[in-house]
Amino acid sequence: MSDIENIAERSHEPLTQLTGDYELEAQLGFTVAQAVGGRVRGRFERVEGTARLDGDDPSKSSVQLTIRTDSIRTGNKRRDDHLCRSFLDAAGHPLATFSSTQVRRLGESTFRVAGVLTLRGVTKPVTLELKLTAGPRFHGETTIDRRDWQVVWNAPAEGWGLFVGYDVTVQVDVVATRRPRQAPSGPVVAGFETKS
């Protein structure tokens, strides 16, 4: 039985115990078709963020992620440098961001998160489905068209059409760590905080 099912069984209020503010550590991977050599897989190594989870009303939850664009890694430094320069313009736009605009619960542990992704100074909507597992951890996947963010570099590949595909499959794995509650700024007497 999963953690979320245990919570539901004990309290009859699934997700309630997850309500709070969280720091996020994320692994952001991607896959894109390439004319020669099949598919290219890579990741961004520096992704972090924050979230507010509301277990009683998930629609009140929110998430923000920040991605260092120069942290892209595909296992080939020459290609990584090319992606930073010609695809991501990492020098001019060192950060990409995602901010949720809507969270909708689909099932016991699945959610649809809509938001906006800002990349290369262009902001466009993105929607992905996330599954909650123990931890809490979330895993999700979506497909975007990189041209929506003006990532249009390409080259003809003889006999193959274009060298790099435009559709990019994005995989997200997020580990959420609850923020500690802040202690009162002064001593508490009879239930009231006093100034020190």
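Every number in this text was worked out from the coordinates using simple rules, so none of it is lab data. Values in this document were obtained by computation on a predicted structure and should not be read as measured data. Cβ sites come from the backbone with ideal geometry, for glycine too, and all protein chains shown count toward neighbours.
Along the Cα-to-C-beta direction of T50, a point sits 7 Å from the Cα; which residues of region 18-32 have their amide N less than 18 Å from that point? Label zone hits: 19-26. What FRET efficiency, computed as 1/(1 + (r/R0)^6) with R0 = 30 Å and r the Cβ-Cβ distance, is obtained for E25 and H93, rounded to the nearest 0.05? Working from the Cβ atoms, E equals 0.85. From the Kirkwood radius over Cα pairs of region 18-193, Stokes-Einstein at 4 °C and 1.567 mPa s returns a whole-number translational diffusion coefficient of 72 µm²/s. Note on T142 and K77: the model spin-label points, each 7 Å out from Cα along the C-beta direction, lie 3.4 nm apart. A straight chain from V152 to V175 at 0.36 nm per residue would run longer than the Cα-Cα distance by 5.1 nm.
Around R73, under 13 Å between beta carbons, what's the net of Lys plus Arg minus Asp minus Glu among the other residues?
Values: positive: R41, R43, R46, R68, K77, R78, R79; negative: E45, D70, D80, D81.
After counting each charged neighbour, the total is +3.
Each residue of region 20-91 gets 114 Å³ once the volume of the Cα convex hull is shared out per residue.
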